[in-house]
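Peer 1: Let me give you the structure first, and then I'll get to my questions.
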Amino acid sequence: MKEYLESFLELLYPEKNTCFICNVYDESINDRYICPDCERKLIKTQPPLCAKCSKPIDYEASESLCPDCTAYEKSFETAKSPFSYEGIIKDSIYSFKYYNKPYFYKFFGSCLISYMKENDYTNFDYITSVPLHRSKMRKRGYNQAELLAKFVSGSLSIPYVDVLKRTKKTTKQSQKTKDDRRTNLIGAFAIKSPHKNQGIKKSRVLLVDDVYTTGSTADECAKTLLDFGVSQVYVLTIAR
């Protein structure tokens, strides 16, 4: 199945040395999947950042936490993202999810790997991803978070585990307030095949998703994993 999926995605890739973002051909692109001009437009997250969720903060912030992480305790250890959710990153993530461009996982995955190595964010026992509800999976045909997580898993030789499932069909998060998002996701996730996933108990798990907004999805997934017996949950997204 894995080989079939990879072969299918290869058919969708743009021509080699073609920028995934602007489609320009440049022989210098190689395995970066982005041209120099587009790369200069990427907006990276810059310190000072919240110690918990990596949201940009000012130096006056209490205990290095943003107001949201001060007000609401998060279940995960920390969440990190290489990019700010704006500009071409925002547009590209939208295309990745909604415009049938699953091959974008290679570009975003490469960015995540570089970021993880540069920031020493690689000490995990397992990697997993935020699941889609089965109805959305049927409609889209792929889970962008899963594609990213498996790319990171293969690149770092850290086992990928298919451990979470979405049991509740939630309404679109972007249309809700922070409090409504939290309420919307209560009880939305469960452990898939608990007997098969006993091995992740007492381990450090990295949870991968595409975007961190309020952190409600990551927090609910982390709670589910911790309740199952995982020791610590860390989060990684493309942007926040």
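Peer 1: Using just the helices of the chain, give the 222 nm mean residue ellipticity in deg cm²/dmol: DSSP H runs with n ≥ 4 each add -39,500 (n - 2.57), and the total is spread over all residues, rounded to 500. If you can, show how the numbers build up before the last one.
Peer 2: Numbers: 9 runs with 89 residues, N = 240.
-11000 deg cm²/dmol, from helical runs alone.
Peer 1: Using DSSP to define loop residues, name the chymotrypsin sites (Phe, Trp or Tyr not before Pro) in segment 93-124 whose beta-carbon has at most 16 other beta-carbon atoms within 10 Å.
Peer 2: Numbers: sites: 94, 96, 98, 99, 103, 104, 105, 107, 108, 115, 121, 124; in loops: 99, 103, 121, 124.
Sparse-neighbourhood loop chymotrypsin sites (Phe, Trp or Tyr not before Pro): 99, 121.
Peer 1: Next up: Using Cα-Cα distances under 8 Å and only pairs 6 or more residues apart, what relative contact order does the chain have, in percent? Each step should come with its number before you reach the end.
Peer 2: On the way: 392 pairs, mean separation 48.8, N = 240.
Taking the mean separation of contacting Cα pairs over the length of the chain, I get 20 percent.
Peer 1: Here is a follow-up. Once you put a point 7 Å from the Cα of residue 99 and another 7 Å from the Cα of residue 27, both along the Cβ direction, what distance in nm separates them?
Peer 2: My value for the distance between the label points is 2.9 nm.
Peer 1: Right, something else. Shape of segment 42-239 from its Cα gyration tensor (a ≥ b ≥ c, root eigenvalues): rounded if a/c is under 1.5, otherwise prolate when a/b > b/c, or oblate? Walk me through the intermediate numbers first.
Peer 2: Values: a/c = 1.20, a/b = 1.12, b/c = 1.07.
Rounded is the answer for segment 42-239, as its axis ratio a/c remains below 1.5.
Peer 1: May I pose another question? Where both partners of a DSSP beta bridge lie in the chain, what percent of those bridges are antiparallel, to the nearest 5? Spell out each step's value before the answer.
Peer 2: On the way: 6 of 21 bridges.
Antiparallel bridges make up about 30 percent of those DSSP assigns within the chain.
Peer 1: Still on this structure, I have one more. Per 0.36 nm of contour for each residue apart, how much would the distance between residue 17 and residue 157 grow if the chain were fully extended, relative to their Cα-Cα spacing?
Peer 2: Working: separation 140, 0.36 × 140 = 50.40 nm, distance 2.64 nm.
Working it through step by step, the gained length comes to 47.8 nm.
Peer 1: Starting from the Cα gyration tensor of segment 56-120, take the square roots of the eigenvalues, sort them a ≥ b ≥ c, and report rounded, prolate or oblate (rounded when a/c is under 1.5, otherwise prolate if a/b is larger than b/c, else oblate).
Peer 2: Judged from the Cα gyration tensor, segment 56-120 comes out prolate (a/c at least 1.5, a/b above b/c).
Peer 1: Taking the Cα centre of segment 178-236 as origin, sum charge times position over the Cβ atoms of Lys and Arg (+1) and Asp and Glu (-1), and report the length of that vector in debye to the nearest 20.
Peer 2: Working: 9 positive and 7 negative charges, 69 e Å.
Here the size comes out at about 340 debye.
Peer 1: Pairs 97/202; 90/201; 196/223; 55/196; 101/192: which exceed 31 Å Cα-Cα? Before the final figure, lay out the partial values.
Peer 2: Numbers: 97/202 33 Å; 90/201 35 Å; 196/223 19 Å; 55/196 36 Å; 101/192 27 Å.
As for pairs spanning more than 31 Å Cα to Cα, those are 97/202; 90/201; 55/196.
Throughout, read-outs are computed from the coordinates displayed, never taken from laboratory work. From a predicted model like this one, the values you see are computed outputs, not experimental measurements. Note: ideal-geometry Cβ built from the backbone for every residue, glycine included; neighbour counts use all protein chains shown.
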